Amino acid sequence: MIYLDTNIFLRFLVLPVTDQDRVWHSQATTLMEGIESGSVHATTSEMVIHEVCYVLGSRQQYGMEPVDIVERVRAVLLFTGMRFDGDEGGVFRAALDCWQSNPKLGFSDSVIAARCERAGHELATFDRHFADLPFLQLLAPRDDLHERNLIPHQMLLRSPHQRCNVPPSWRMAPSARCRPDLPHPLERTPGTPAHDHPSHSSARPSR
């Protein structure tokens with residue numbers, strides 16, 4: 001098994017400029033072609049993918065748009081020879097899909113969202129941009145939720161904080177797109193996944 005570092009991705013994905021770049025691009029391409037065919041098995045990590053996305057999108061480096069970065073990185077992750085432990089590959093692909101749909105989020109926060117969605121975790125955060133993701137269940141301090149108008153007072157009283165041992169000063173927040181006249185996201189039929197609730201049915205990242 002081969003572990004791919006950031007520069008292997010970059011030399012493969014970016015057109016060479018200098019003579020040395022052309023040498024590295026050729027070498028990286030040969031390796032990636034083996035992985036694509038399945039004759040070579042390789043893996044990588046969340047940190048490497050984050051670095052690749054950051055460098056490709058940096059205005060001081062290559063200045064690519066998120067949609068272009070996602071297209072290129074996703075293609076490599078789908079190569080036949082790529083191997084990941086457990087559901088890691090699915091998490092990375094879900095994060096890329098989430099980032100493509102929400103470019104302002106960034107890849108790292110998209111990984112957080114993907115992990116929470118796939119594992120069914122509530123996300124405790126002060127970052128407001130997560131409220132734009134209707135498939136997430138957010139936890140935030142009660143006063144913060146009130147000031148941001150993310151949750152009506154009556155919903156605060158119905159928060160299931162006892163269920164997951166959340167301190168009483170924190171409460172569950174519905175998505176910013178969740179209408180106040182709908183039931184609370186957690187008030188659903190037992191056994192029904194959170195993303196099947198009406199307030200979570202749209203804009204779910206594809207896998």
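The values are calculated or read from the model by the stated rules, or taken from the named source; none is laboratory data. Only a predicted model underlies this, so the values are computations on that prediction, with no experimental measurement involved. All Cβ positions, glycine included, derive from the backbone under ideal geometry; neighbour counts span all protein chains shown.
In segment 5-32, the residues that are in contact (Cβ under 8 Å) with a residue 12 or more places away in the chain form Cβ pairs under 6 Å with partners that are assigned to a helix (DSSP H, G or I) and among the charged types (D, E, K, R), at six or more places apart or across chains, as follows: 6/51; 13/72; 24/11; 25/11; 28/11.
In this structure, is residue 48 among the β-branched types (Val, Ile, Thr) and under 27 Å from residue 130 (Cα atoms)? Yes, satisfied. Can you say whether residue 146 is under 24 Å from residue 64 (Cβ atoms), modelled with pLDDT under 90 and surrounded by fewer than 20 Cβ atoms within 10 Å (Cβ to Cβ), as far as the supplied structure shows? In short, no. Taken together, the criteria place residue 133 among residues that are at pLDDT below 90 and touching a helix residue (DSSP H, G or I) at 6+ places or on another chain (Cβ under 7 Å). Applying the criterion of at least 2 residues that are within 18 Å of residue 7 (Cα to Cα) and either touching a Ser or Thr at 6+ places or on another chain (Cβ under 7 Å) or touching a residue at least 12 places away in the same chain (Cβ under 8 Å) (or both) to the helices (runs of 4 or more DSSP H) found wholly in segment 46-137 leaves 46-57, 66-77.
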